[in-house]
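These notes concern the structure reproduced below.
Bear in mind these aren't lab numbers, they're just calculated from the coordinates by the rules spelled out. Note that the structure is a prediction, hence the values are computed from the model and not measured. Don't worry about glycine lacking a Cβ; one is built from the backbone with ideal geometry, like all the others, and counts go over all protein chains shown.
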Amino acid sequence: MLGSTSMMLHHTSGISRKQPSFPPLMGYSAVALNHVIDFKEKKQEIIKPVPPSELFPSLPIVQGTSKRIKVLTRLTLVVSDPSHCNLLRSTSANIRLYDIIAVFPKTEKLFHIACTTLDVDLVCINVTEKLPFYFRRPPVNMAIDRGIYFELLYTPAIKDSTMRRYTISNAISLMQICKGKNIVISSAAERPLELRGPYDVANLGLLFGLSEGEAKAAVSTNCRATMLHGETRKSACGVVYTVKKPRKVEEEETAVPACKKAKTQA
Amino acid sequence: MEGGARRHTFMLPGKLRTCPSITCQILPFFPCSARLQGSLGLWKMYGEGFKQKVSFLIPECGLLPEVLKSTIADIGDYYLVRSLPIHELVAHEFIDAFVKKGSCYALTYKTKIDQDNTAALLPNGKLILSVDKDTYEELGLQGRPSRYSGKKVMRYIITIDLTDAGFHPESKKHNRVLWALKEKKPLEFDFLMAWYNTGAEGSTLMSYFSKHQIQALRPKITFSTLRDLPCPVLQSNDLQGKPEESCSTEELFEWLGAVLNQVSLDNKSSSFLSTYCCPEPNTVVEKAFLCTITGFIIPEKIIQLLEQLCCYFGEPKLAYWLTLTVHGFADSPVSWRESEHGFHKGGENLYNFVIFRNLDYWLQMAVGAHDDCPP
């Protein structure tokens, strides 16, 4: 199990081999590689995620510990129309291969649908422009009850001062409704320079209106909870886990007579 | 030192010699041992725990006296044992050979207290395991939630008293602990270990753990002589400092942190790193001796060093004061005695002795946000 530490979400448009060396040096023990699907563009298909073992033959060790970094795969769906959500409802084989699924709603109605009915782990909050809608308590509380976390990005705040204002104002308006619960702060870093250490990100959470404990949880405990939420999608109600095990041929033959016996006795 | 979220500093002024009468006379040539009796006994209580770094600074000193040099050289080795399963520390052979005879110290190496499982063995025979929620639920041993865990408990502390009378080889307690650590959830760590025995013969840690990868390591010792160092003027009976006369304890603490971290104190206009200056009033000393010892240092050796530093003023010296700073490990599960230590944004737990020429002393203790106030 992951030693609860920071989860940094990393956009990969072109994956370079050198990238995995930076997060473990900063102290992150898990990283999620993100793949974005924007339904506005035509012909978007969900492709199979590339397994981390193929991308990085040997994972680096987290600085200060002797464990290797954990790499997860994540899918972000940018939805601006209710019909886009149909993809999540269908049991597409490729979607189930991702560890974490996030949705980025663009309208208030979609935000409501994402919080109340959609089977996702994260709901992304827009930080690059003024929010087109206000947050309301019922959908936010329902999302908290369902175990869905709200994601805030910090990299746009590093890049541009206007986006910094929007990030802080959007974050504060979210905090007023959700009271600091169920928040995950992540980067959307495409370059190593846009990464910040986990304790620095936890400090940034204080600017967003989180308390000290909530800010640290936003980069550690809440990320672990999101991962577990994603894992429950691969199990039955989060209780039963099925693992494919190769069956031997002789087992099948011996099973058959036992069934026949039971029938005759009954 | 560096600013943390909440840093508590405590000052304890004191006299290093016993005062037989109410009107205390300052007698600078008292023999060392009599002076230290009272306060060091008190200090042994606070001084427990695992120490990572010891530094001392002596102004107006170019060469270290021989007796101090030999005390430092006598610091002793510590051991790094790789991939040691923790049930070996619960085995009765280990307890009889090391824990019951002398003081045995062990701490997990390269584990972070706020993320990973950590273990520590204290010299009083208590094995402390600080485990995360998943490990606690899988392990099945009784513990209590961590004090710094918040509403949703994510960390638990399990304390096992190895010297307890009820912990003998055939007892239920011992069998349960051994089963949990050996079969239910085998935990394996790299350990830093040290053993202080008062002359008793027997096997050493090196021979006991010869089957595992054990390495003997020496603490890293660096000496440096600082030239033209501005030092604050201090009055031993004046903790708050008087303007134009002496510096306060907080100013000394900040200045000492700057000197030990080799921050330049001249506030050059071309420097963008620091604008810190030595607090006023200060005197520029021609030379000062700084020694830093880094490693796994046990409190018994630190007390010997402290005793020798107190004896430094046995002969007339130019310096008015000297300091000894001891840092604990940031990732240790315990800080003072057995009080729990956590890592919020910083895990500092350190104490600083300032010893004056007249054998008065100041004791400053600093802890991080997730720490107990020292008693």
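Couple of notes before you dig in:
- Loop sites by DSSP among the chymotrypsin sites (Phe, Trp or Tyr not before Pro) of chain B, restricted to those with at most 12 other Cβ atoms within 10 angstrom, leave B:30-271 as the longest stretch without any of them.
- Spatially near lysine pairs across the range B:244-375, Cα under 29 Å, sequence gap of 8 or more or different chains: 4
- Efficiency of FRET from Cβ geometry, B:Val284 and B:Val67, R₀ 30 Å, rounded to 0.05: 0.60
- Flagged links, alpha-carbon separation over 22 Å, of B:Lys100/B:Lys173; A:Lys216/B:Lys151; A:Lys181/B:Lys133; A:Lys130/A:Lys179; B:Lys51/B:Lys211; A:Lys159/B:Lys112: B:Lys51/B:Lys211; A:Lys159/B:Lys112
- Inter-probe distance in nm under a simple model that places probes 7 Å from Cα toward Cβ, at A:Ile47 and B:Asn175: 6.0 nm
- Loop-located trypsin sites (Lys or Arg not before Pro) in the range A:112-218 whose Cβ has at most 12 other Cβ within 10 Å (DSSP): A:Lys130
- Low-density loop cleavage sites - GluC sites (Glu not before Pro) in the range B:237-290, where at most 13 other Cβ are within 10 Å (DSSP): B:Glu244, B:Glu245
- Full-stretch length increase - A:Ser80, A:Ile61 - with 0.36 nm per residue and alpha-carbon distance subtracted: 2.9 nm
- For the range A:24-234, projected area of the alpha-carbon convex hull averaged over all directions, nm²: 11.7 nm²
- Average other protein chain Cβ within 10 Å of Cβ, residues B:100-112: 2
- The phi-based Karplus calculation (6.51 cos²θ - 1.76 cosθ + 1.60; θ = phi - 60°) puts the 3J(HN,Hα) values of the range A:184-201 at 10, 9, 9, 9, 10, 6, 9, 10, x, 5, 8, 8, 10, x, x, 6, 5, 5 Hz, whole numbers, x for Gly and Pro.
- With both labels modelled 7 Å from their Cα along Cα-to-Cβ, the A:Glu212 to A:Gln176 distance reads 2.7 nm.
- Packing, taken as the mean count of other beta carbons within 10 Å per residue, orders the peptides A:217-226, B:299-308 from highest to lowest as A:217-226, B:299-308.
- Annotation for the range B:283-313 versus the range B:142-205: alpha-carbon center distance of 33 Å.
- Considering only B:Asn261, B:Asn117, B:Asn197, the Gaussian network model of chain B with Cα springs below 10 Å gives its largest mean-square fluctuation to B:Asn261.
- Distances between every pair of Cα atoms in chain B, grouped in 10 Å steps from 0 to the bin holding the largest one, split as 5, 22, 30, 23, 14, 6, 1, 0 percent.
- One compactness figure for the range B:78-217 is 1.04, namely its Cα radius of gyration divided by 2.2 N^0.38 Å.
- Three-way shape call for the range B:270-333 based on the alpha-carbon gyration tensor, with the a/c threshold at 1.5: oblate
- FRET efficiency for A:Leu228 and A:Arg89, using Cβ-Cβ distance with R0 set to 25 Å, rounded to 0.05: 0.65
- For the range B:178-222, the residues whose amide N sits under 18 Å from a probe point set 7 Å from the Cα of B:Gln142 along the beta carbon direction are B:178-181.
- Chain B - mean residue ellipticity at 222 nm from DSSP helices (-39,500 (n - 2.57) per run, n ≥ 4, rounded to 500): -5000 deg cm²/dmol
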